[in-house]
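Asks: Below is one structure. I have some questions about it.
The values are calculated or read from the model by the stated rules, or taken from the named source; none is laboratory data. Predicted model, so just to flag it, every value in this text is computed and none were measured. Cβ sites come from the backbone with ideal geometry, for glycine too, and all protein chains shown count toward neighbours.
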Amino acid sequence: MNDTNSKQDRWILEIDFSQLMDLRVDYAFKLIFGKGDTLFLVSLLNAIFADKKIPRIIKSLTIVNPYLEKHSREDKLSILDIRAQLDDGSTILIEMHLYDIDDLKYKTIRSWARAYGEELKAGAGYSEQPPVICVTFANGSFDDGESQKIHKCCKIMDIDDRTIFSDALELHYIDMNAFVKTINEAGCIGKGEMQDSTLAKWLAVITQKDIQDKKIIKNICREQEEIGMAVSDLVRLSEDKVIRQAYQKRQDEILLYNERISDYKRRAEQAESALKEKDAIIAELRSQLGKK
């Protein structure tokens, strides 16, 4: 083993994961994937497309304005975590969600519609408008029931023959909870839906706070140079006091939001239960009056 490899191994062994920022917090996610060199974002996106065998290889992209403009005075301004433009004109919208996902499916579709509805270049026809690709990371599944699908890809298709009607919309939904459960149960990333893919390796780093065996992540850092570089950047940024304060503030905001949503749900369930109880009492009274 040469000195370079020896130093790299020592650095990896010394990583204190408890001190690293959680990349599922959008502030930290943008620091690694949304600023400066786009190397990490290109690698992550190519891993996502490769996982679904989509013949698209990104060599370069440009980070652009993350705001989607209002369509009317009543519209809420949508702020994306990362918005990127590919060389062929395609737009990629990327969002990281560490909170309630009840409305997330519809929020994602709305973001796509706004981006796709932006003005065409002068003289261009509708058919020339490049597609909009949405990538959504979330803690949970869009599907009802106990679906454990980690990566779902949706397009507009014909419901009879299952052919793709248009490539205008491409939605990638990644269930981080399902990924963590799969990895912790298997004890490695070589089994299950992703079969030791590059996407699985990126997701292991993104969800590292909940991965029980940290050796998995350390091995990834040794094997994948780009991912090791990203983790090195995360270590450095996590030690910056100013960045850490901003991160903690955002983490607290997310925690407060989740608590409010949980409280609203609890109160709604209590109100629904009370209404059912009231209806049952009224039905019983009517039944007794009918007997008389």
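Asks: Going by what's in this entry, would Ile164 be described as crowded, with 20+ Cβ neighbours inside 10 Å and assigned by TED's automatic domain parsing to the domain that holds Ala113?
Replies: Working: crowded, with 20+ Cβ neighbours inside 10 Å: no; assigned by TED's automatic domain parsing to the domain that holds Ala113: yes.
No: the conditions fail for Ile164.
Let's see how each residue does on (1) in the same structural domain as Ile12 (by TED's automatic domain parsing); (2) touching a residue at least 60 places away in the same chain (Cβ under 8 Å); (3) hydrophobic (A, V, I, L, M, F, W, C):
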residue	(1), (2), (3)
Ala186	yes, no, yes
Thr198	yes, yes, no
Lys214	yes, yes, no
Glu223	yes, no, no
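Okay, residues lined up against (1) outside the structural domain of Lys155 (by TED's automatic domain parsing); (2) in contact with a Leu (Cβ under 6 Å, 6 or more places away or on another chain); (3) surrounded by fewer than 20 Cβ atoms within 10 Å (Cβ to Cβ):
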position: Phe17; (1), (2), (3): no, no, yes
position: Ala28; (1), (2), (3): no, no, no
position: Leu31; (1), (2), (3): no, yes, no
position: Lys35; (1), (2), (3): no, no, yes
position: Ile54; (1), (2), (3): no, no, yes
position: Ile57; (1), (2), (3): no, no, yes
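Asks: Just to check your reading of the model, which residue among Ile261, Ile282, Ile254 is under 29 Å from Ser43 (Cβ atoms), outside the structural domain of Ile12 (by TED's automatic domain parsing) and at pLDDT below 85?
Replies: Numbers: Ile261 fails: under 29 Å from Ser43 (Cβ atoms); Ile282 fails: under 29 Å from Ser43 (Cβ atoms).
Among Ile261, Ile282, Ile254, only Ile254 is under 29 Å from Ser43 (Cβ atoms), outside the structural domain of Ile12 (by TED's automatic domain parsing) and at pLDDT below 85.
Asks: Of all residues in segment 149-171 being touching a residue at least 40 places away in the same chain (Cβ under 8 Å) and part of a loop (DSSP other than H, G, I, E, B), which is nearest to Ile211 (Cα to Cα)?
Replies: For segment 149-171, the residue satisfying everything is Ile150.
Asks: Same structure, new question: Could you pull out the residue among Leu93, Leu98 that is at pLDDT 90 or above and hydrophobic (A, V, I, L, M, F, W, C)? Break it down stepwise before answering.
Replies: Working: Leu98 fails: at pLDDT 90 or above.
Criteria check complete, one pass: Leu93.
Asks: Quick one: in segment 44-81, of everything that is among the β-branched types (Val, Ile, Thr) and over 16 Å from the mean Cα position of the chain (by Cα), which residue is modelled with the lowest pLDDT?
Replies: Within segment 44-81, the subset among the β-branched types (Val, Ile, Thr) is 48, 54, 57-58, 62-64, 79.
Imposing the further condition that a residue be over 16 Å from the mean Cα position of the chain (by Cα) reduces the set to 54, 57-58, 62-64.
On the way: Ile54: 92, Ile57: 91, Ile58: 93, Thr62: 91, Ile63: 89, Val64: 85.
Among residues in segment 44-81 that are among the β-branched types (Val, Ile, Thr) and over 16 Å from the mean Cα position of the chain (by Cα), the one modelled with the lowest pLDDT is Val64.
Asks: OK, next. With the checklist (1) in contact (Cβ under 8 Å) with a residue 40 or more places away in the chain; (2) assigned by TED's automatic domain parsing to the domain that holds Leu20; (3) over 17 Å from Asp16 (Cβ atoms) in hand, flag the one item Ala246 doesn't pass.
Replies: (2)
Asks: Taking Asp9 and the conditions (1) surrounded by fewer than 18 Cβ atoms within 10 Å (Cβ to Cβ); (2) touching a residue at least 40 places away in the same chain (Cβ under 8 Å); (3) part of a loop (DSSP other than H, G, I, E, B), which numbered condition does it fall short on, given that it satisfies the others?
Replies: (3)
Asks: Can you tell me which of Ile220, Ile174, Ile189 is part of a helix (DSSP H, G or I) and at negative phi?
Replies: Working: Ile174 fails: part of a helix (DSSP H, G or I); Ile189 fails: part of a helix (DSSP H, G or I).
Testing whether each residue is part of a helix (DSSP H, G or I) and at negative phi leaves just Ile220.
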